[in-house]
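Working notes, structure below.
The values are calculated or read from the model by the stated rules, or taken from the named source; none is laboratory data. Source: prediction; values computed, not measured. Virtual Cβ from ideal backbone geometry, glycine too; neighbours counted across all protein chains shown. Note: areas computed on protein heavy atoms with side chains; ligands, DNA, RNA excluded. Shrake-Rupley method; radii C 1.70, N 1.55, O 1.52, S 1.80 Å.
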2 protein chains.
Amino acid sequence: MPAGGVGSQGALRAANRRLVLDALLESGALIQADLARRTGLSAATVSTIVHDLTAEGLLRIQDTVSSGRRARAVSLRPDAGVAVGIDIGRRHVRVVLADLSHTVLAEEESQAHLGAPASEHIALVRKLFDALLSSTGVERSAVVGVGAGLPGPIDVRDGQVGSASILPEWIGVNAAEALGDALGMPVSVDNDANLGVLAEATWGAARGHRDAVYLKIGTGVGAGLIIGGEPHRGAIGLAGEIGHLTMDENGQVCRCGNRGCLETTASSSIVLDLLARSHGDDLTVADAVAAAHGGDVACRRVIGDVGRHAGVAVANLCNLINPGIIVVGGQLAAAGEVLMDPLREAFARYAIPSVGASTQVTTGSLGRGAQSMGAVALALQSAERHLLAGGSR
Amino acid sequence: MPAGGVGSQGALRAANRRLVLDALLESGALIQADLARRTGLSAATVSTIVHDLTAEGLLRIQDTVSSGRRARAVSLRPDAGVAVGIDIGRRHVRVVLADLSHTVLAEEESQAHLGAPASEHIALVRKLFDALLSSTGVERSAVVGVGAGLPGPIDVRDGQVGSASILPEWIGVNAAEALGDALGMPVSVDNDANLGVLAEATWGAARGHRDAVYLKIGTGVGAGLIIGGEPHRGAIGLAGEIGHLTMDENGQVCRCGNRGCLETTASSSIVLDLLARSHGDDLTVADAVAAAHGGDVACRRVIGDVGRHAGVAVANLCNLINPGIIVVGGQLAAAGEVLMDPLREAFARYAIPSVGASTQVTTGSLGRGAQSMGAVALALQSAERHLLAGGSR
């Protein structure tokens with residue numbers, strides 16, 4: 001029960017302010033009438049809260065037209081603070097700065113070395129973070145929240161990477177603490193695929209779905225799950241490890257120690273490995289995708305095979321949890337139908353027919369930004385606590 | 001928002017009555033102080049509600065001793081009504097009558113013919129239902145709710161069996177309507193594995209787990225999922241179809257139309273098929289289990305192989321949704337360690353190590369009663385609506 005007890009006026013007012021801030025943090029800007037509909041609050045209650053929050057310097061109101069009539073668009077004041085989203089991949093680090101209405105103000109990305117220790121990635125994050133603040137002139141004190149995604153599962157019991165074999169570089173590191181120490185402020189951390197599904201469900205292709213899966217095909221392969229409208233992390237935070245489904249008991253040895261995991265046949269690393277002999281060691285994933293679009297037969301074949309393997313795994317996933325939509329992201333998703341046609345074909349073949357016929361299978365609408373936007377969403381969750389506690393800044 | 005609006009006294013009182021009834025329907029009997037703790041209501045509020053519900057004839061209060069002190073144990077009056085749970089298998093039908101404190105008053109079971117049309121199963125349900133009422137002397141008007149489990153997925157879009165190939169006998173039948181017509185009262189219907197997880201999570205081995213899976217190994221194979229504390233049915237109600245995971249792309253043809261599904265290597269039907277040549281056509285699952293316990297090498301081997309195949313599938317399931325516990329039920333679960341040792345061994349081999357080490361894998365504590373007790377739980381959910389609406393009877 002909330003402090004103050006059921007029916008306490010103070011608790012009710014705080015809960016209603018939270019509903020309004022929540023809706024605005026999620027949607028960016030809303031017509032005041034839609035704000036009432038979205039929160040379930042009366043028009044009069046919304047009007048009072050909007051008035052108070054505006055007086056406190058948190059909201060701005062702009063005149064607009066909705067359904068042919070004059071209306072008031074309410075949004076958080078961008079200058080009420082900024083949120084920072086960090087996307088840490090196995091081969092890259094990306095940092096974005098967004099205002100509270102979700103507009104990305106600036107972003108920086110650098111390549112990282114596959115297999116480099118966590119400390120190198122953390123140093124890179126700090127460098128990009130400092131560069132962003134300095135290039136935009138944003139004060140450190142204006143940062144209301146920082147979120148970060150890691151390409152491995154986070155064990156909820158100790159905040160460390162939950163599998164020694166999946167992300168060995170980060171073993172023994174509490175990522176939230178280590179990043180927080182490096183940046184000098186609290187950082188919330190989650191698995192990158194979890195951030196992908198959070199972003200696509202909040203702003204992208206999975207919007208409106210109560211049960212949604214984000215499949216990230218990158219250097220590794222992982223899934224983020226939304227079940228019953230809530231992110232699902234599992235008992236110890238290892239839910240979504242679709243890259244380690246056994247597809248072939250006698251297949252290649254996987255970095256996780258098992259054999260024939262999906263990841264051994266369906267990652268961007270495999271694409272580069274398979275193309276190395278014909279296309280050389282310097283080929284990048286972006287090169288392979290561009291060549292596939294240009295008609296290169298080998299690139300189309302290799303990327304198509306990734307789709308086919310992923311489709312079998314996705315069918316098995318859907319037979320188990322029956323989501324309404326599968327959103328495919330990660331760098332290979334840029335291959336579009338070269339990847340998706342074979343993926344959908346395999347999916348239809350291995351899914352229970354009524355599941356196959358009713359599940360939407362699509363690429364994400366946020367592209368490579370899904371991870372960093374998800375990290376911004378994570379950051380805004382702490383921003384909300386900050387705004388509720390502190391009021392105007 | 002509930003009718004009456006936030007803070008409305010009437011809505012608040014109804015919500016608080018619901019909390020108290022909920023806790024008693026789930027737990028059977030509670031010390032009044034525990035009732036307050038469980039519901040989060042104040043002692044004074046609980047006292048008023050208990051007083052009112054007792055005056056309405058719904059509750060009874062018995063003196064007891066708790067922690068060495070005199071205390072009041074509160075429970076629903078058994079004579080306030082009965083709930084009926086129906087377990088429909090592919091080879092059997094079972095009906096139980098329980099009072100509102102969850103005590104099974106009587107039960108009836110009959111064998112059914114595999115492949116018989118739904119109408120035969122429904123006629124059998126009616127016969128057992130009538131026989132139970134007559135043998136116990138319970139009036140039809142005392143039945144406050146009826147729940148039933150079917151051995152196939154229910155499509156939430158139309159209430160029909162969600163896969164033509166999984167349960168062909170029931171295609172085109174709305175099970176809730178057909179059973180309701182046969183019994184002359186509303187019937188709630190769910191998949192049998194969903195009822196199994198509901199029962200084991202409410203009263204059995206999975207109690208206290210927010211993420212739990214019930215694996216039913218019967219004539220068919222299915223799973224019931226509790227995710228984030230709530231039953232998970234999926235976008236169209238087909239979640240949990242673990243029997244149709246592809247384990248071997250080139251394996252036996254499955255009744256679902258695919259090849260190498262788990263069900264083609266890990267059901268009680270397969271056990272009987274494999275033992276037919278050595279042990280004859282008349283062997284039952286109970287016979288095979290008894291023989292295995294008696295040391296029969298072939299029965300131990302065949303049941304162990306079912307465990308091994310199921311363990312691989314369960315590992316894949318756990319890599320995807322990372323539940324805290326897997327509860328194994330269905331008729332073969334009676335084989336105990338003959339089934340479970342190979343199952344756990346395969347599970348440990350195919351699960352991500354930290355998932356393998358942290359997931360509890362056990363047989364259910366309710367045995368074959370899990371399905372019918374789950375059906376009673378489903379019935380009590382409608383009973384709750386009935387009690388809230390009608391008060392005393």
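The C-alpha atoms of chain B define a longest principal axis, and helix B:297-321 lies at about 60 degrees to it.
Using a probe of 1.4 Å, the accessible surface attributed to A:ARG301 totals some 150 Å² when neighbouring protein chains are kept in position. Summary value for the stretch A:207-364: 24 percent relative contact order, contacts being C-alpha pairs under 8 angstrom separated by 6+ residues.
Sorted largest first by accessible area at a 1.4 angstrom probe radius, with every protein chain in place, the residues B:THR359, A:THR136 fall in the order A:THR136, B:THR359. No solvent, one uniform scatterer per C-alpha: report log10 I(q)/I(0) for the stretch B:9-76 via the Debye equation at q = 0.14, 0.16, 0.23 1/Å, two decimals. Treating every Cα as an identical point scatterer, log10 I(q)/I(0) equals -0.37, -0.48, -0.99. Along its first, second and third principal axes, ordered by size, the stretch A:27-151 spans 56, 27, 24 Å in Cα coordinates. Computed from Cα positions, the angle between helix A:268-279 and the longest principal axis of chain A comes to roughly 40 degrees. When restricted to Cα atoms, chain B yields an Rg and a Dmax of 22.1, 71 Å, respectively. The mean accessible area for residues of chain B, using a 1.4 Å probe and ignoring ligands and nucleic acids, is 40 Å² per residue. When shorter helices are ignored and each DSSP H run of at least 4 residues is given -39500 (n - 2.57), the per-residue value for chain B at 222 nm works out to -13500 deg cm²/dmol.
Leaving out ligands, DNA and RNA, calculate the buried accessible area for the pair B and A with a 1.4 Å probe, summed over both sides, in Å² to the nearest 100.
On the way: alone 17470 and 17480 Å², together 31500 Å².
Buried area between the two chains comes out at roughly 3500 Å².
Considering only B:ILE270, B:LEU332, B:PRO231, the residue lying farthest towards the positive end of the dipole of the stretch B:207-364 is B:PRO231, judged by Cα position with unit charges set on Cβ. Accessible surface for A:ILE270 stands near 40 Å², nearest 10, in the context of the full protein assembly shown (1.4 Å probe). From the Cα gyration tensor of the stretch B:249-331, with a ≥ b ≥ c the square roots of its eigenvalues, which class applies: rounded if a/c is under 1.5, or else prolate if a/b is larger than b/c, or else oblate? Taking the square roots of the gyration eigenvalues as a ≥ b ≥ c, the stretch B:249-331 is oblate. Segment A:ARG210..A:ALA43, full-extension length gain: 57.4 nm, with 0.36 nm per residue of separation and the alpha-carbon distance subtracted. Ranking A:MET340, B:MET373 from most to least accessible surface, computed with a 1.4 Å probe over the protein chains only, gives B:MET373, A:MET340. Panel note: contact residues of the stretch A:298-328 (accessible area lowered by at least 20 Å² against the chain on its own; 1.4 Å probe) correspond to A:ASN316, A:LEU317, A:ASN319, A:LEU320, A:ILE321, A:ASN322. Per-residue surface analysis assigns A:CYS261 an accessible area of about 0 Å², computed on protein heavy atoms at 1.4 Å probe radius.
Per the 1.4 Å probe, what fraction of the accessible area of the protein assembly as shown, in percent, lies on carbon and sulfur atoms? Before the final figure, lay out each step's value.
Values: 15510 of 31500 Å².
Of the solvent-accessible surface of the protein assembly as shown, carbon and sulfur hold 49 percent.
How much of the calculated P(r) for the stretch A:207-364 lies past 23 Å, in percent of all Cα pairs? Intermediate results must be reported in sequence, preceding the final value.
Details: 4403 of 12403 pairs.
That fraction is 35 percent.
Using a 7 Å projection from Cα along Cα-to-Cβ, the label point at B:PRO168 is separated from the same position in the remaining copies by 5.2 nm, smallest value first. Charge dipole (Cα centre; +1 on Lys/Arg Cβ, -1 on Asp/Glu Cβ; no other charges) of chain B amounts to roughly 1080 debye. Give me the angle, in degrees from 0 to 90, between the Cα long axis of helix A:118-136 and the longest principal axis of the Cα atoms of chain A, rounded to the nearest 10. With rounding to tens, the tilt is 50 degrees. Projecting the Cα atoms of B:SER382, B:ILE154, A:VAL197 onto the charge dipole of the protein assembly as shown (Cβ charges, centred on the Cα centre) puts B:SER382 farthest toward the positive pole.
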